[in-house]
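One structure is given here, and the rest of the page talks about it.
The values are calculated or read from the model by the stated rules, or taken from the named source; none is laboratory data. Since the model is a prediction, treat every value here as computed from it, not as a measurement. Counting neighbours? That spans all protein chains shown, and the Cβs are built from the backbone with ideal geometry, glycine included.
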Amino acid sequence: MSITRRLVAAALPLAAFVPAVAHARPAPDFTAIDADGKTRSLSEFRGKTVVLEWTNEGCPYVRKHYSGNMQGLQQAARADGVVWLTIASSAPGKQGHFADGAAAKAWMNARGAKPTALLLDADNKVATLYKAKTTPHMFVIDKTGAVVYEGAIDDKPTNKVEDIQGSKNLVAAALGDLKAGRKVATPFVTPYGCSVKYKDA
Amino acid sequence: MFLKKAVLALQALVMGAMLGGHALAGPVVNSGHVESELVAQEAGIAPGGTIYVALRQKIAPGWHTYWRNPGDAGEPTKITWTLPEGWSAGDMVWPTPVKTRLGPLLDYAYKGEVLIPVPITAAANAQPGTTLSLTADVFYLVCEQVCIPEQAKLSLLLPVVAGTPAPDPKWGAVIGKVLADAPKPAGLKAVFKLEGQALKLAVTGGPLKGADMAGAYFFPYSSKVIEHAAEQAIERGAEGLTLTLKPGYDFVGGGTPPAELVGVLATKAGAWEVTATAGEALAGASGLGPPPAEAAPGGALAGGLAGALLFAFLGGLILNLMPCVFPVLSMKAASLAGHAHEAPKARLQGLAFLLGVVATFLALAGALLAVRAGGAAVGWGFQLQSPLVIAGLALLMLLVALNMSGIFEIGTSVQGVGAGASAKGGVGGAFFTGALAVVVAAPCTAPFMAGALGYALTQPPVIALGVFLALALGFAAPFVAVTFIPGALKLLPRPGGWMDVLKKGLAFPMYGAALWLVWVFAQQTGPMALGQILAAGILAAFGAWLYGLAQARRAAGRGWALTSGAGVLAVVLALGLAGAAAVAAKPPATTAAAEASTPSGPGLTAEAWSPEKVQALQAEGRLILVDFTAAWCVTCQVNEKVALSGPKVAEAFKAQNAVLLKADWTNRDPVIAKALADFGRVGVPLYLVYPKNGGEPVILPQLLTEGMVIEAIEKAGS
């Protein structure tokens, strides 16, 4: 072990005292089946920026953003090499539940949604892990695997499509900060929308 | 009769017409799940005057709308006013919301009927005699399982009147009550303080003094200051209360801690707006423990005081049979046998024993009540949560055992060695035996005692002490009875050489008790302190031996002072060493983490308990058994070994995909104390089985068998 590496290793605990680092919390790893039936995990995207988007196709707040806004964000993010995971956590029998991958894909196609993958989380495992509260509820995870943004998609907590115009998109802002190598200016805004449809709710 | 009714009806009609005719309300708009209208508190408005106009909503059964802070999801109701030139609308007056749980989420909502008043001020130049139209565009999210955004365009025709307007005949009183009940500042003093992962909110002041605090809850205005879904533990005080909140993003997520914590404190006695600033806890905001459990399952005690006294007496009786009392019972047996055929002396001993038991029980209960009044969340058995007490008891047990082994004598003059205990020494010994029995028996909260003690600790001190007295009497009863019933003593064999053998034999359970306490001590402190207490044990034993040697030398008429002094010194040093070890050792911070993976037996792994963990697992629909336990609770240890660690139980757990959670109360823990209080308990053990797919837990008996556990698991899984 070289002396520099030793020094770096010795200094690592000190990183906890750097405010920018102190705020970020590690994104818990998870595995889930995607709409194609493949098992996906967060760890397979280590080294890439990842966006998590909680969805429920029946929720008016989700529909507001799937008027084009969400699809646009997905495309722009993926063009920048960002991984976008849309997660459907509605339990069986609840609004927004996808019976199978085909149902999820049919919805994606109808809406022109272009996430890297749509994960089926009907048993709420991923939602419980991330304490997902609303649809949409957004997370931005940086290349080191730290959550650098969590919360609302934008700063207009309504379900009116016309409010998208003139709102500040907080996910786009966080991705912009990451791309420019800046600290994410706004790391949290209370998420808004319908409640995630947990199975005992 | 009919005529009379008709006249009355006519009178009412005329009165109504004289008061300004119909109630002031706009047309009702039904938007699907909500019927909305505007209603006014007064029948008109004076130029430049202000009246309240309320948005009245009737929400479909099962559906809800949202408060100003909707909680974890949802959106508050919004009103956009269109008013005549020069008129203005003030802030909405939000009535206290209700908590609506959605799995792991909690929303703040309105159900049924809600009125949200808004102050409306007329232009100063409004013309009396004219009628103006107010329009409100109301937007609201209404949710059941799904959420539906709905809206309504509402209007109200409001007459401008000269002078003070009359109250609206229909809505005046209704809106008046809503305004009176709406949370307002009431001069309450409030401070908040972040203590690690707990946000303490202390509130004191007029209306809180002596109020019923059960179910008290803080609804914050900001959605970023607390975790809405977390339990809010309540601690009462003489002047108010302290709530333990789970801090949210602004406090622990990296946000900026706010200068003020503002929201609504809702209690049964009323709801008030509270503005807390950062600061140290207020005097009188704590100290009286959690409010009495509200009809806690199994905690409700039929018969109140009389029932509690009876159960306490029975509990005391049963305590004689508990495993933790056995070593002390053996001492009792030995001392009783020593006076089997001297009835008066035996009676004296019985009374002394009774006195020792009662005095110690009351002293412990008094200390417990005092500590609780001091604000600490402790329960019965609290004395064993202190490593210092455990260390002292371990050495005491060792010395008692050494004494029984004949290493040295107590309570006898040196001349009397070998001549049997004198009457005087016997009385002192019996008192001491009683005291010791209580101290060691206390953690074995016998089944009948749990309810009684839970009841006692929520009552005024006098009643609480009464319950403890009943417990003490029950505990001492068998021993005292034997000494007083003439026939009973005759049944015991005549004293003789066998007594010495019996005494020495019974020393071994005492050694066992000492070992057990050392084991508890090790759980509390760690390996370093364990080494120290073992060394202290050796030192104490050496001291006892020296002391015994001195007694023998004195009996033989030889010099004894030096040896005796050295012996006493060694014992004192041992106590000092044990004390230092206990004080120096901090409770291992890693206990909870380490406990998480401690297997309770083959194949069955207990995870660490927390209220959040229970919630999360319930959200997954899992079946949960919670084991509230402590290393110093022998009943708990026995249950774990006998009923929770076998392969059959592990199989049953596996078949139902059940989870075993362990809440370890070996060291003090206010969260566990609160959870116990929720079920009307003040001590361990407590076993809860949460059924599959949610629902209220079932309480298992305090003495478990494997079959009982398997049956409960299977029942909860079906």
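Checking the stated criteria, B:N639 turns out not to satisfy the condition of being within 23 Å of B:A441 (Cα to Cα), in contact with a helix residue (DSSP H, G or I) (Cβ under 8 Å, 6 or more places away or on another chain), of a type in the set (S, T, N, Q) and more than 14 Å from chain A (Cβ to nearest Cβ). In the set (1) more than 19 Å from B:W272 (Cα to Cα); (2) within 14 Å of chain A (Cβ to nearest Cβ), B:G129 fails one condition alone, (2).
Flag not set for A:K143, criterion: within 14 Å of chain B (Cβ to nearest Cβ), closer than 17 Å to A:P26 by Cα, surrounded by fewer than 15 Cβ atoms within 10 Å (Cβ to Cβ) and not acidic (D, E). Look through B:L623, B:L686 and report the one residue that is farther than 19 Å from B:Q385 by Cβ and not small (G, A, S). The conditions single out B:L623.
If you go through segment A:114-133 one residue at a time, do you hit one that is away from chain B (no Cβ under 14 Å), over 20 Å from A:A27 (Cα atoms) and modelled with pLDDT under 95? Scanning segment A:114-133, I find at least one residue that is away from chain B (no Cβ under 14 Å), over 20 Å from A:A27 (Cα atoms) and modelled with pLDDT under 95, so the answer is yes. Candidates are the residues of segment A:149-197 that are aromatic (F, W, Y) and surrounded by 23 or more Cβ atoms within 10 Å (Cβ to Cβ); the one that is nearest to the other protein chains (Cβ to nearest Cβ) is A:Y192. With respect to the stated conditions, A:G58 is within 14 Å of chain B (Cβ to nearest Cβ), modelled with pLDDT under 95 and more than 15 Å from the chain's Cα centre (by Cα). For segment B:144-163, the set of residues classified as of a type outside the set (V, I, T) and touching a strand residue (DSSP E or B) at 6+ places or on another chain (Cβ under 6 Å) consists of B:C147, B:P149, B:E150, B:Q151, B:A152, B:K153, B:L154, B:S155, B:L156, B:L157, B:L158, B:P159, listed by residue number.
Among the residues of segment A:105-112, not a single one is within 11 Å of the chain's Cα centre (by Cα) and aliphatic (A, V, I, L, M). For segment B:535-548, the criterion of being crowded, with 18+ Cβ neighbours inside 10 Å, in contact with a helix residue (DSSP H, G or I) (Cβ under 6 Å, 6 or more places away or on another chain), without any contact (Cβ under 8 Å) to a residue 24 or more places away in the chain and in a helix (DSSP H, G or I) is met by no residue. Within segment B:217-247, the set of residues being farther than 30 Å from A:A152 by Cα, crowded, with 23+ Cβ neighbours inside 10 Å and among the aliphatic types (A, V, I, L, M) comprises B:L241 only. As a summary of the residue check, B:A367 satisfies the conditions (1) crowded, with 17+ Cβ neighbours inside 10 Å; (2) modelled with pLDDT of 70 or more except for the one numbered (1).
State whether one or more residues within segment B:618-634 are away from chain A (no Cβ under 14 Å), of a type outside the set (A, V, I, L, M) and in a loop (DSSP other than H, G, I, E, B).
yes
Here the strands (runs of 3 or more DSSP E) wholly within segment B:37-89 that include at least 1 residues being more than 22 Å from B:A166 (Cβ to Cβ) and within 14 Å of chain A (Cβ to nearest Cβ) are B:65-71, B:78-82.
To keep it simple, each residue is scored yes or no on (1) under 16 Å from the mean Cα position of the chain (by Cα); (2) within 14 Å of chain A (Cβ to nearest Cβ); (3) in a strand (DSSP E or B).
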residue: B:A650; (1), (2), (3): no, no, no
residue: B:K654; (1), (2), (3): no, no, no
residue: B:N657; (1), (2), (3): no, yes, no
residue: B:K674; (1), (2), (3): yes, no, no
residue: B:R681; (1), (2), (3): yes, no, no
residue: B:E696; (1), (2), (3): no, yes, no
residue: B:Q702; (1), (2), (3): no, no, no
residue: B:I710; (1), (2), (3): no, no, no
residue: B:K715; (1), (2), (3): no, no, no
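Tell me, please, whether a residue that is closer than 22 Å to B:Y221 by Cβ, surrounded by fewer than 22 Cβ atoms within 10 Å (Cβ to Cβ) and at the interface with chain A (Cβ under 10 Å from one of its Cβ atoms) can be found in segment B:137-150. Scanning segment B:137-150 turns up at least one residue that is closer than 22 Å to B:Y221 by Cβ, surrounded by fewer than 22 Cβ atoms within 10 Å (Cβ to Cβ) and at the interface with chain A (Cβ under 10 Å from one of its Cβ atoms).
Answer yes if at least one residue in segment B:608-615 is in a helix (DSSP H, G or I), modelled with pLDDT of 80 or more, among the hydrophobic types (A, V, I, L, M, F, W, C) and within 24 Å of the chain's Cα centre (by Cα), and no otherwise. Yes, some residue in segment B:608-615 is in a helix (DSSP H, G or I), modelled with pLDDT of 80 or more, among the hydrophobic types (A, V, I, L, M, F, W, C) and within 24 Å of the chain's Cα centre (by Cα). Selection of segment B:181-198 for residues being in contact (Cβ under 8 Å) with a residue 40 or more places away in the chain and closer than 29 Å to B:D91 by Cα yields B:D181, B:A182, B:P183, B:K184, B:P185, B:A186, B:L188, B:K189, B:A190, B:V191, B:F192.
The single condition among (1) surrounded by 14 or more Cβ atoms within 10 Å (Cβ to Cβ); (2) in contact with a helix residue (DSSP H, G or I) (Cβ under 9 Å, 6 or more places away or on another chain) that A:D80 does not satisfy is (1). Within the set of pairs 6+ apart or on separate chains, which have a first residue in segment B:234-250 that is among the hydroxyl-bearing types (S, T, Y), a second that is part of a loop (DSSP other than H, G, I, E, B) and surrounded by 24 or more Cβ atoms within 10 Å (Cβ to Cβ), and C-beta atoms under 6 Å apart? From segment B:234-250, the pairs are B:T242/B:A285; B:T242/B:S286.
What about A:A102, is it within 14 Å of another protein chain (Cβ to nearest Cβ), of a type in the set (G, A, S) and either touching a helix residue (DSSP H, G or I) at 6+ places or on another chain (Cβ under 9 Å) or surrounded by fewer than 23 Cβ atoms within 10 Å (Cβ to Cβ) (or both)? Lay out the reasoning, then the answer.
On the way: within 14 Å of another protein chain (Cβ to nearest Cβ): no; of a type in the set (G, A, S): yes; either touching a helix residue (DSSP H, G or I) at 6+ places or on another chain (Cβ under 9 Å) or surrounded by fewer than 23 Cβ atoms within 10 Å (Cβ to Cβ) (or both): yes.
The answer is no for A:A102.
Being buried (at least 22 other Cβ atoms within 10 Å of the Cβ), modelled with pLDDT under 85 and of a type outside the set (A, V, I, L, M, F, W, C) holds for only one residue in B:G601, B:G646, B:G621, B:G680, and it is B:G680. For B:T121, are the conditions met, namely being more than 14 Å from chain A (Cβ to nearest Cβ) and touching a residue at least 60 places away in the same chain (Cβ under 8 Å)? In short, yes.
For segment B:69-119, a residue qualifies if it is out of contact with any helix residue (DSSP H, G or I) (no Cβ under 9 Å at 6 or more places or on another chain) and hydroxyl-bearing (S, T, Y), and the qualifying residues are B:T77, B:T80, B:T82, B:S88, B:T100, B:Y108, B:Y110.
Okay, residues lined up against (1) at pLDDT 95 or above; (2) surrounded by fewer than 21 Cβ atoms within 10 Å (Cβ to Cβ); (3) farther than 20 Å from A:S41 by Cα:
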| residue | (1), (2), (3) |
| --- | --- |
| A:L85 | yes, no, no |
| A:G96 | no, no, yes |
| A:A106 | no, yes, yes |
| A:T135 | no, no, yes |
| A:F139 | yes, no, no |
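Selection of segment B:659-668 for residues being away from chain A (no Cβ under 14 Å) and of a type in the set (A, V, I, L, M, F, W, C) yields B:L660, B:L661, B:A663, B:W665.
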